[in-house]
Amino acid sequence: MDVFIAIVQILDSTIRLSVPLLLACLAGLYSERAGVFDIGLEGKMLVGAFAGAAAASVFHSAFLGLGMAIVMSVAFALVHGFASITHRGNQIVSGVAINFVAAGSTIILGQAWFQQGGRTPALQPGERFEAITLPGASAIHDVPIIGPIYSELLSGHSILVYLAFAMVPFTWWVLFRTRFGLRLRAVGENPAAVDTAGISVAWLRYRALICTGILTGIAGAYLSMVQNGGFVKDMTAGKGYIALAALIFAKWRPVNAMFACLLFGFLDAAAIRLQGSPLPLIGKVPVQFMQALPYVLTVILLAGFIGKAIPPRAGGVPYVKER
Amino acid sequence: MAQAAIELIGINKSFGAVRANRDINLEIARGTIHGIVGENGAGKSTLMSILYGFYQADSGEIRVGGKPASIKTSNDAIALGIGMVHQHFMLVDNFTVLENIILGAESDALLKKSIAKARSELERLEREYGLEVDPDAIIEELPVGLQQRVEILKALYRGAEILILDEPTGVLTPAEADHLFRILKQLKEQGKTVVLITHKLREIMAITDNVSVMRQGTMVATRETAKTTVGELAELMVGRRVLLRVEKGEAEAGAVKLAVKNLTVKDSRGVTMVDDISFDIKAGEIVGIAGVAGNGQSELLEAISGIRRAVSGSVMLDGKPIDLTGAADPGELRDRGLAHVPEDRHHVGLVLAFEENENSILGYHDDPRYLKGPFLNIDAIMADAKDKIEKYDIRPGNPRLKTANFSGGNQQKIVLAREMEQDPGVLIVGQPTRGVDVGAIEFIHKRLIAMRDQGKAVLVVSVELDEIRSLSDRILVMFAGRIVGERGPEATEGELGLLMAGVERQEAAE
Amino acid sequence: MSTPYAKLPAWADYGLIPLINLSVAFIVAGFVVMLVGENPFRAAVILVEGAFGKGTGIAFTLFYATTFIFTGLSVAVAAHCGLFNIGTEGQAYIAGLGVGVVCLAFDSVLPWWLTFPLAIAAGAAVGALWALIPAYLQAKRGSHIVITTIMFNFIAASIMVYLLVGPLKPAASQAPQTRNFLAGAELPKLNWIIELFGAKIRSAPFNICFLLALVMAFLVWLLIWRTKLGYEMRTYGHSPKAARYAGISETRIVLIAMMISGALAGMMTLNPVMGDQHNVAIDFVSGAGFVGIAVALMGRLHPVGIVLAAILFGMLYQGGAELAFEMPAISRDMIVIIQGLVILFAGALEHMFRPYVQALFASFSPRSVGIEAVKGKGA
């Protein structure tokens, strides 16, 4: 039974750890499916985390915090659009720039406004998103097997967790069942086809980036207002890049993205759980090995050794009208 | 007299210094198939892009159905009932046929109604025009002919009354092309207007009612198809440019330098571009390959020069084979005395961001003359560049100037100077004077003849018929990847034009 | 039409436009300073004084600049071959392993002047190898080099953390770093040069690596503009088609360019490890690889420009430390913002102001922007 409880606990923390990855990964999916590479997921998440925690603690409202996280993250997404869509700049360079501006400005502004070494004040109840207990969770807690799964694993998460997982079918629906999704996928594959069909390539790509901004904003808010009770500098710690890896791993598909993020979240959860203790058969696995595994897997995938990850065809190339 | 579907009045369009369209007037009658012919770069595509709202004319007026129309975007054109099938299909390859057809013309945000409507529309169009295609097939899994059909359906679905097709048969097999023509005739019978842009005269004669000829950005003539001949059109297309004929003596052909046997080359899409070609070039002669662009000349040049792999056949240089598997190293071929002036000097023959002197060694940068150990011998390179500048009268005469800042003619001289001064046994030249000013043309031609007189074997590929006739000792005509005829330099323009148009000898005799 | 921006005089191209871009980056940074309630002009004065006001400041500025010269050159060499090496950070980090092992092995037996060349070779070799894998995957398997080098940064970090909290850490120690090196792996300081000019230096890590960096800058210049290899790299970087025509092997040139880039990144390690800390510690690179991107872009990929840009960033790092002391609201992270803004305006928005500059030039003297040349062209 202990093993079972341990598994439930690992899976529970898998869910918690994969949520920011999932939100950021879906964010990247919108922009890359529209043909705009975005290695600035990390920076936009960080901006969202800071703006969210700062606004929540100043206005004493979790929802205002979330709103501000989204607004600021979208603003950074628009800068990326301005550079890479309007001015046809290098999308990678622009993404790198955004990551730096985000990393620096969150610390500088945090220190200037709150004087706590780049942190925002610890969020009070009501300023952060609390866990939601699903109906009947305590009632069936003691039922074997189902009890722990329902009350530990499924119940007791914040609204943003449920939102993140709800975003998976929603994103699938948007991409594959709506007019916006059809056009968005088209512009990532062949912008000239979209242009000759009388649709503005630039405006479509801007809208995709706005979606990206909204989701990275929520991802950031989750980090600072759910997982942590406030903003800590550099709190994204490379999650934006893991999300990018997950996106490639998922071959730019929403449901795959969920599984990729759960896998990477699980590796993280297991690494924390196993710290030091040996695994049966394998023996002691260094934590760092588990941490590096998402990146190693992505490189192997990219090299075409396990399937082939084919990015949207027009990705990374600014659209220039040609004869 | 049918009412005009489209009138173009005084259309002008320039790209930088290039005037792509000059004062174009054109009237297209409703319910007809109207052909527009002209050589590559004559301005046909530009004109149609203006009509489709992809470009804006600098001046001039467009009337659709008798009313002045302002076409600023493709949307405006679509709203006016103009549809276009582009030369390079504007399709999303991993979408289904249905998705491609509704893209941009979806009536509802959730697509349910759009998809239902598109399905029933497709069925109707299929019935009316025989345009069968599986609506749920993925585009990239369809053969090219069917992809093109989807493009036509896209236009019809948007209610196009006027359909423009830009070089529609370039990618089709003859059978597919015949099918396309049947469809176009059917469209005409239903009252649609079709504009067919092509450089293939046979197609024009086969299905158009009227034909307009463009040359160098101007509209030179419009004829009723029934009252003209292929010969007349060919002459109008090529025109009688005033070109000084370069004086040259009789060729004194020597031993075979380059022998091409049964060469077959495919392009990246797997389409056969060079189809079982054989010919040879002897020392001291210029062999010209005439043909309309896109008939396999580019691929032929690339295969011989080691840039593109060949599927089968052989090429012998001085009696020894060239490796055609793609492992052939252009550098090695240079060492063996094969010099190549490529067609695309902007992206292949030169690095425009380089200084002139740097481009003067491109491809020969391995030559010990230009090196001191691993280092470039700057003094030698500069002296060499200055020497070539003088010999070839390259202006401005500054070897440190960025190549992009030279004019087209001088850029071409940089390439020619580099390749000719290596004293190669075989020189192959693609489009020797494309985009080159008149003064430089004569200079380049004289140089090529001087090479011949020194006993080099020279292969010239050009879409300029005049140039081929003026330079060549023997003329080979390429059409659809094959050599369809060999003529002497005395061959007439009309005769060659017919061969270039793919007209068989019997037809030509009619 | 393929080079729409080729019509400005060279001094405007290489001087004026970068200056405008840089100025805009600093103006935006000035607004951030205002946002935190400080005076941007006073901040600028403190920054410059902190960097160049005293001998110690100058020494620190040049110490930081040394690191950035290496990483800037690393990014630039790859960029000349058309490759975006975003993995300089990881290549430098993992090279700490090579340098560290050499130092730990020889610091008790060899004098510094023998350890140093061995360490240079080891750092360069490890950095080059770490760049070789992404290069191979790009040339042979078509994996996007930007993504693979990002992944390799994280993999390098994991390996280094594993080694520094495990095998390389002395058993008795708690800190995640190697033992301190002995004198045989400590590089001589260059502070005396600054003292020659009468300045006083308390203690600063400005060391002999600065000279190595200048030598490397010269060698990179030599490589790019004076050797056959550099010629081939530039040809491929500008036009892969022209490279194919000229008989240059794509695989070979991509592998070589990335290995040189990785080697330069690896040499960066010498400066902090042997010149300053005298051990290999966790996160000793601390973003210098990414600064290299800003330095390379600002220096227009030319070694002279890179040395100047590296000194500018060294100034920002050193002056920024002083600034944090004088203006508590502004920490050294201000530099990270400036770095980001420089990358944004000198990189991604490089051409934003160009049309205006071109228009300005055209209105003054049509000849200088090549209008005459275009007219004379004709088809």
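If you scan region B:333-354, which residues turn out to be more than 16 Å from C:Ala242 (Cα to Cα) and open to solvent by 20 Å² or more (accessible area, probe 1.4 Å)?
First pass over region B:333-354, keeping only residues more than 16 Å from C:Ala242 (Cα to Cα): B:335-338.
The answer is B:Asp335, B:Arg336.
Please work out which one of (1) among the small types (Gly, Ala, Ser); (2) more than 14 Å from chain C (Cβ to nearest Cβ); (3) surrounded by fewer than 22 Cβ atoms within 10 Å (Cβ to Cβ); (4) in contact with a helix residue (DSSP H, G or I) (Cβ under 6 Å, 6 or more places away or on another chain) is the condition A:Ala271 fails and give its number.
(2)
Under 8 Å by Cβ, and 6 or more places apart or on different chains, what pairs join a residue from region C:207-218 that is closer than 12 Å to C:Met267 by Cβ with one that is surrounded by fewer than 19 Cβ atoms within 10 Å (Cβ to Cβ) and of a type in the set (A, V, I, L, M)?
Matching pairs, first to second residue: C:Ala217/C:Val304.
Using the structure shown, decide if B:Gly306 is free of Cβ contacts under 8 Å to residues at least 40 places away in the same chain, within 14 Å of C:Ala246 (Cα to Cα), assigned by TED's automatic domain parsing to the domain that holds B:Gly502 and in a loop (DSSP other than H, G, I, E, B).
Values: free of Cβ contacts under 8 Å to residues at least 40 places away in the same chain: yes; within 14 Å of C:Ala246 (Cα to Cα): yes; assigned by TED's automatic domain parsing to the domain that holds B:Gly502: yes; in a loop (DSSP other than H, G, I, E, B): yes.
Taking the combined requirement at face value, the residue satisfies it.
I'd like the full set of residues that are among the β-branched types (Val, Ile, Thr) and in contact with a Lys or Arg (Cβ under 7 Å, 6 or more places away or on another chain), limited to region A:1-58. First the steps, then the outcome.
Here is the first cut: in region A:1-58, the residues among the β-branched types (Val, Ile, Thr) are A:3, A:5, A:7-8, A:10, A:14-15, A:19, A:36, A:39, A:47, A:58.
Once the filter is applied, which keeps residues that are among the β-branched types (Val, Ile, Thr) and in contact with a Lys or Arg (Cβ under 7 Å, 6 or more places away or on another chain), region A:1-58 yields A:Ile10, A:Val36.
For region C:157-169, indicate whether the set of residues that are over 29 Å from C:Met259 (Cβ atoms) and either assigned to a loop (DSSP other than H, G, I, E, B) or modelled with pLDDT of 95 or more (or both) is non-empty.
First pass over region C:157-169, keeping only residues over 29 Å from C:Met259 (Cβ atoms): C:165, C:169.
After this cut, where a residue has to be either assigned to a loop (DSSP other than H, G, I, E, B) or modelled with pLDDT of 95 or more (or both) as well, the list is C:169.
Within region C:157-169, one or more residues are over 29 Å from C:Met259 (Cβ atoms) and either assigned to a loop (DSSP other than H, G, I, E, B) or modelled with pLDDT of 95 or more (or both).
Of a type in the set (D, E, K, R), within 14 Å of chain C (Cβ to nearest Cβ), over 30 Å from B:Glu140 (Cβ atoms) and open to solvent by 20 Å² or more (accessible area, probe 1.4 Å): does that describe A:Arg128?
Working: of a type in the set (D, E, K, R): yes; within 14 Å of chain C (Cβ to nearest Cβ): no; over 30 Å from B:Glu140 (Cβ atoms): yes; open to solvent by 20 Å² or more (accessible area, probe 1.4 Å): yes.
It is false that A:Arg128 is of a type in the set (D, E, K, R), within 14 Å of chain C (Cβ to nearest Cβ), over 30 Å from B:Glu140 (Cβ atoms) and open to solvent by 20 Å² or more (accessible area, probe 1.4 Å).
Return the residues of region B:261-291 that are of a type in the set (Ser, Thr, Tyr) and closer than 16 Å to B:Val477 by Cα; say none if nothing qualifies.
Taking region B:261-291 first, the residues of a type in the set (Ser, Thr, Tyr) are B:264, B:268, B:272, B:278.
Within region B:261-291, B:Ser278 is the sole residue that qualifies.
Would you pick out the residues in region C:315-349 that are part of a loop (DSSP other than H, G, I, E, B) and in contact (Cβ under 8 Å) with a residue 60 or more places away in the chain?
Of all residues in region C:315-349, those part of a loop (DSSP other than H, G, I, E, B) come to C:327-332, C:349.
Result: C:Met327, C:Ala329, C:Ile330, C:Leu349.
Anything in region A:191-231 that is within 14 Å of chain B (Cβ to nearest Cβ), open to solvent by 20 Å² or more (accessible area, probe 1.4 Å) and under 21 Å from A:Ala75 (Cβ atoms)? List them, or say none.
A:Ala202, A:Trp203, A:Arg207
Just checking, does region A:2-18 include any residue being of a type in the set (Val, Ile, Thr) and surrounded by 24 or more Cβ atoms within 10 Å (Cβ to Cβ)?
Narrowing region A:2-18 to residues of a type in the set (Val, Ile, Thr): A:3, A:5, A:7-8, A:10, A:14-15.
Okay, now just the ones that are also surrounded by 24 or more Cβ atoms within 10 Å (Cβ to Cβ), so none.
Looking through region A:2-18, none of the residues is of a type in the set (Val, Ile, Thr) and surrounded by 24 or more Cβ atoms within 10 Å (Cβ to Cβ).
Could you tell me how many of the residues in region C:132-153 are closer than 21 Å to C:Ala288 by Cα and either surrounded by fewer than 23 Cβ atoms within 10 Å (Cβ to Cβ) or of a type in the set (Val, Ile, Thr) (or both)?
Here the count works out to 7.
Of all residues in region C:197-243, which are of a type in the set (Phe, Trp, Tyr) and more than 9 Å from every other protein chain (Cβ to nearest Cβ)? Steps first, please.
Step one: of region C:197-243, the residues of a type in the set (Phe, Trp, Tyr) are C:197, C:206, C:210, C:218, C:221, C:225, C:231, C:236.
Listed by number, the residues that qualify are C:Phe197, C:Phe206, C:Phe210, C:Phe218, C:Trp221, C:Tyr236.
Which one of these is part of a helix (DSSP H, G or I), open to solvent by 10 Å² or more (accessible area, probe 1.4 Å) and not acidic (Asp, Glu): B:Ser268, B:Ser298? It would help to see each step written out before you state the result.
Details: B:Ser268 fails: part of a helix (DSSP H, G or I).
Just one listed residue meets the conditions, B:Ser298.
Evaluate the following for C:Gly72: is it open to solvent by 40 Å² or more (accessible area, probe 1.4 Å) and either closer than 25 Å to C:Ile193 by Cβ or at pLDDT below 95 (or both)?
Working: open to solvent by 40 Å² or more (accessible area, probe 1.4 Å): no; either closer than 25 Å to C:Ile193 by Cβ or at pLDDT below 95 (or both): yes.
Answer is no for this residue.
Restricting attention to region B:126-165, which residues are closer than 22 Å to B:Gly191 by Cβ, at pLDDT below 90 and part of a helix (DSSP H, G or I)?
Within region B:126-165, B:Glu126, B:Arg127, B:Glu128, B:Tyr129 meet the criteria.
Across region B:193-239, which residue is surrounded by the fewest Cβ atoms within 10 Å (Cβ to Cβ) among those that are within 26 Å of B:Lys13 (Cα to Cα) and small (Gly, Ala, Ser)?
B:Ala221
Residues that are more than 20 Å from C:Ile94 (Cα to Cα), open to solvent by 10 Å² or more (accessible area, probe 1.4 Å) and under 19 Å from the mean Cα position of the chain (by Cα): does region C:289-297 have at least one?
Within region C:289-297, the first condition is being more than 20 Å from C:Ile94 (Cα to Cα), and the residues that meet it are C:294-297.
If we keep only those that are open to solvent by 10 Å² or more (accessible area, probe 1.4 Å) too, we end up with C:297.
So of that shortlist, the ones also under 19 Å from the mean Cα position of the chain (by Cα) come out as C:297.
Looking through region C:289-297, at least one residue is more than 20 Å from C:Ile94 (Cα to Cα), open to solvent by 10 Å² or more (accessible area, probe 1.4 Å) and under 19 Å from the mean Cα position of the chain (by Cα).
Would you mention how many residues in region C:240-288 are open to solvent by less than 40 Å² (accessible area, probe 1.4 Å), in a loop (DSSP other than H, G, I, E, B) and within 29 Å of C:Lys228 (Cα to Cα)?
4
When region B:445-456 is examined, which residues are found to be open to solvent by less than 50 Å² (accessible area, probe 1.4 Å) and in contact with a Gly (Cβ under 8 Å, 6 or more places away or on another chain)? Break it down into steps so the answer makes sense when it comes.
Pass one, region B:445-456, residues open to solvent by less than 50 Å² (accessible area, probe 1.4 Å): B:445, B:448-452, B:455-456.
The answer is B:Arg452, B:Gly455, B:Lys456.
Filter region B:382-410 down to the residues that are open to solvent by less than 30 Å² (accessible area, probe 1.4 Å) and at the interface with chain C (Cβ under 10 Å from one of its Cβ atoms) and list them by number.
Across region B:382-410, the qualifying residues are B:Thr403, B:Ala404, B:Phe406, B:Ser407, B:Gly408, B:Gly409, B:Asn410.
So, in region A:148-184, of the ones that are in contact (Cβ under 8 Å) with a residue 12 or more places away in the chain and in contact with an Asp or Glu (Cβ under 6 Å, 6 or more places away or on another chain), which residue ends up farthest from the other protein chains (Cβ to nearest Cβ)?
The extreme case among them is A:Glu152.
Can you spot a residue in region A:74-90 that is within 10 Å of chain C (Cβ to nearest Cβ), open to solvent by 20 Å² or more (accessible area, probe 1.4 Å), in contact (Cβ under 8 Å) with a residue 40 or more places away in the chain and in a helix (DSSP H, G or I)?
The first filter runs over region A:74-90 and keeps only residues within 10 Å of chain C (Cβ to nearest Cβ), leaving A:79-80, A:82-84, A:86-90.
Next, only the ones that are open to solvent by 20 Å² or more (accessible area, probe 1.4 Å) stay: A:79, A:82, A:86-88, A:90.
If we keep only those that are in contact (Cβ under 8 Å) with a residue 40 or more places away in the chain as well, we get A:86, A:88.
Next, from what is left, pick out any that are in a helix (DSSP H, G or I): A:86.
Scanning region A:74-90, I find at least one residue that is within 10 Å of chain C (Cβ to nearest Cβ), open to solvent by 20 Å² or more (accessible area, probe 1.4 Å), in contact (Cβ under 8 Å) with a residue 40 or more places away in the chain and in a helix (DSSP H, G or I), so the answer is yes.
Read through the list (1) touching a strand residue (DSSP E or B) at 6+ places or on another chain (Cβ under 9 Å); (2) within 14 Å of another protein chain (Cβ to nearest Cβ), then give the number of the only condition that B:Ile9 fails.
(2)
Being within 30 Å of A:Tyr319 (Cβ to Cβ) and open to solvent by less than 20 Å² (accessible area, probe 1.4 Å), is that true of even one residue in region A:143-155? Explain how you work it out, then say what you get.
Just the residues of region A:143-155 that are within 30 Å of A:Tyr319 (Cβ to Cβ), to begin with: none.
The answer is no, given that none of the residues of region A:143-155 is within 30 Å of A:Tyr319 (Cβ to Cβ) and open to solvent by less than 20 Å² (accessible area, probe 1.4 Å).
Can you confirm whether B:Gly66 is open to solvent by less than 10 Å² (accessible area, probe 1.4 Å), more than 8 Å from chain A (Cβ to nearest Cβ) and touching a residue at least 60 places away in the same chain (Cβ under 8 Å)?
Values: open to solvent by less than 10 Å² (accessible area, probe 1.4 Å): no; more than 8 Å from chain A (Cβ to nearest Cβ): yes; touching a residue at least 60 places away in the same chain (Cβ under 8 Å): yes.
No: the conditions fail for B:Gly66.
Between residues in region C:73-91 that are free of Cβ contacts under 8 Å to residues at least 60 places away in the same chain and away from chain A (no Cβ under 11 Å) and residues that are open to solvent by 10 Å² or more (accessible area, probe 1.4 Å) and in a helix (DSSP H, G or I), which pairs lie under 9 Å by C-beta distance while being six or more apart or on different chains?
none
The values are calculated or read from the model by the stated rules, or taken from the named source; none is laboratory data. For clarity, every value in this text was computed on a predicted model and none was experimentally measured. Please note: Cβ atoms are built from the backbone with ideal geometry, for glycine as well, and neighbour counts cover all protein chains shown. Heads up: the accessible areas ignore ligands, DNA and RNA and are worked out on the full protein's heavy atoms, side chains in. Shrake-Rupley method; radii C 1.70, N 1.55, O 1.52, S 1.80 Å.
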